[in-house]
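A.B. asks: Submitted below is the structure of interest, expressed as structure tokens.
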Amino acid sequence: MAISNDVTSIANTASALSDARTSQAISIAVLKRAIDVSAESATALIEAIPEAPRAANLPANLGRNVNTTA
């Protein structure tokens, strides 16, 4: 009887470990997919930013310096 209980215990433990590995693999796959979707969304947002308008007819010296003592 003791051997039967040991074998059953080992089988149950192996089954639980297998289930845990499967669950972990699924969780990792879902996390990777979520990261991919986030990266795609970020890329789309960055690409949606319009170009900065060019200031026409301004002197060449304008916008080159920042007055930090004002």
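Just so you know, all these numbers are worked out from the coordinates, no wet-lab data involved. Predicted model, so just to flag it, every value in this text is computed and none were measured. Reconstructed Cβ throughout: ideal geometry from the backbone, glycine too, with neighbour counts over all protein chains shown.
A.B. asks: Suppose every K and R has +1 on its Cβ and every D and E has -1 on its Cβ; what is the size of the dipole of the chain about the Cα centre, in Debye to the nearest 20?
C.D. replies: Dipole about the Cα centre, nearest 20: 320 debye.
A.B. asks: Continuing with the same structure: Could you please report the charge total around Ala39, scoring K, R as +1 and D, E as -1 over all other residues with beta-carbon less than 13 angstrom from its beta-carbon?
C.D. replies: The answer is -1.
A.B. asks: Which of Thr13, Ala60, Ile28 sits closest to the plus end of the dipole of the chain, meaning its Cα is farthest towards the positive end, when Lys and Arg get +1 and Asp and Glu get -1 on the C-beta?
C.D. replies: Ala60
A.B. asks: Once label points are set 7 Å from the Cα along Cα→Cβ at both Ala29 and Ala42, what is their separation, rounded to one decimal in nm?
C.D. replies: 2.5
A.B. asks: Calculate how steeply helix 2-48 sits against the longest principal axis of the alpha-carbon atoms of the chain, using the helix alpha-carbon long axis, and give the answer as 0 to 90 degrees to the nearest 10.
C.D. replies: 10
A.B. asks: Tell me, in nm to one decimal, what length is gained between Asp6 and Asn67 on full extension, where the rule is 0.36 nm per residue of separation less the Cα-Cα distance?
C.D. replies: Values: separation 61, 0.36 × 61 = 21.96 nm, distance 8.03 nm.
The span from Asp6 to Asn67 would gain 13.9 nm if fully extended.
A.B. asks: Can you classify the chain as rounded, prolate or oblate using the Cα gyration tensor, where a ≥ b ≥ c are the square roots of its eigenvalues, rounded means a/c under 1.5, and otherwise it's prolate if a/b beats b/c and oblate if not?
C.D. replies: It comes out prolate by the Cα gyration axes.
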